[in-house]
Amino acid sequence: MIHFLNVSKFYPNGARALTDVTTRIEKGEFVFLVGPSGAGKSTFIKLIIKEEAPSRGQIMFNNKNISRIRPREIPYLRRSIGVIFQDFKLLPNKTVYENVAFAMEVIEASKREIRKAVPSALSMVGLEKKADVMPSELSGGEQQRVAIARAIVNNPPLIIADEPTGNLDPDTSWEIMRLLDDINKCGTTVIMATHAKEIVDNMKKRVIALEKGRIARDEQRGVYSYEN
């Protein structure tokens, strides 16, 4: 599904975010992206969703080279990717239903499609009874579940989660992880950047560890880090 081939990213100030990264993520995988702050995790994600372009190398997504796609093609790429953020990024003046529907409105889905898909997405995350509630009335875990519903409502083949449990307590974090695991078991590819050692160590998924912009480890059923 995703293939990084000798990808490097340099910034104008001389900083090297990624250096000669080559890796492949297959359809249906669940991959943890780990490493210390500044290791290159955010850049890795930004390259996939085309917030950044690589300085060198190629990135393939569903057999299409997205490294140099035209700006007008980027919205079509992003329709295939659902993104979940640490700080939820919900629209405060819209209800739960409206927040999820907005993800369909921006791709010009019909009202009929929206009426069908939004309740289904909310049901999957256990929030079907909170459709008319405002985000400010929800707990942090509930807000993150709204964000997940928004990410999956267009049925994208890929979900990218950037520190989705970073602002949540441990119990709520595990609820979110079980939900992401269920989504993955339905066939959706999940890439999750995280510092949550306990989650990574317990879930035993594939782990790609970045260090100073390079891949330090890439392991199936991996752990967050090794003790020296």
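The values are calculated or read from the model by the stated rules, or taken from the named source; none is laboratory data. Remember, it's a predicted structure, so these values are computed and weren't measured experimentally. Please note: Cβ atoms are built from the backbone with ideal geometry, for glycine as well, and neighbour counts cover all protein chains shown.
A quick yes/no check of all residues on (1) assigned by TED's automatic domain parsing to the domain that holds Thr189; (2) at pLDDT 95 or above:
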site: Phe44; (1), (2): yes, yes
site: Ala53; (1), (2): yes, no
site: Arg70; (1), (2): yes, no
site: Pro75; (1), (2): yes, no
site: Glu98; (1), (2): no, yes
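If I go through the range 1-22 residue by residue, how many of them are not small (Gly, Ala, Ser) and not in a strand (DSSP E or B)?
Here the count works out to 4.
Annotation note: Cβ proximity below 7 Å between a residue of the range 172-194 that is more than 15 Å from Gly140 (Cβ to Cβ) and a residue that is among the charged types (D, E, K, R) and buried (at least 20 other Cβ atoms within 10 Å of the Cβ) (sequence gap 6+ or interchain) occurs for Ala193/Lys41; Ala193/Asp162. Per the conditions (1) within 13 Å of the chain's Cα centre (by Cα); (2) more than 11 Å from Ile84 (Cβ to Cβ), the sole criterion not satisfied by Ser139 is (1). In the condition set (1) of a type in the set (Gly, Ala, Ser); (2) under 24 Å from Gly35 (Cβ atoms); (3) touching a Gly at 6+ places or on another chain (Cβ under 8 Å), Gly166 is compliant with all but (3).
For the range 30-47, a residue qualifies if it is more than 18 Å from Asp218 (Cα to Cα) and aliphatic (A, V, I, L, M), and exactly one does: Leu47. If the condition is being crowded, with 21+ Cβ neighbours inside 10 Å and of a type in the set (Val, Ile, Thr), then the range 3-22 contributes Val7, Val21.
Residue-wise test of (1) at pLDDT below 95; (2) assigned by TED's automatic domain parsing to the domain that holds Lys111; (3) touching a Gly at 6+ places or on another chain (Cβ under 6 Å).
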| site | (1), (2), (3) |
| --- | --- |
| Lys130 | no, yes, no |
| Gln144 | yes, yes, no |
| Asp181 | no, no, no |
| Ile191 | no, no, no |
| Ala209 | no, no, yes |
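Please tell me if Ala39 is of a type outside the set (Val, Ile, Thr) and in contact with an Asp or Glu (Cβ under 6 Å, 6 or more places away or on another chain). The answer is yes for Ala39. Counted as qualifying within the range 23-117 are the helices (runs of 4 or more DSSP H) with 1 or more residues that are surrounded by 12 or more Cβ atoms within 10 Å (Cβ to Cβ), over 13 Å from the mean Cα position of the chain (by Cα) and free of Cβ contacts under 8 Å to residues at least 12 places away in the same chain, namely 96-105.
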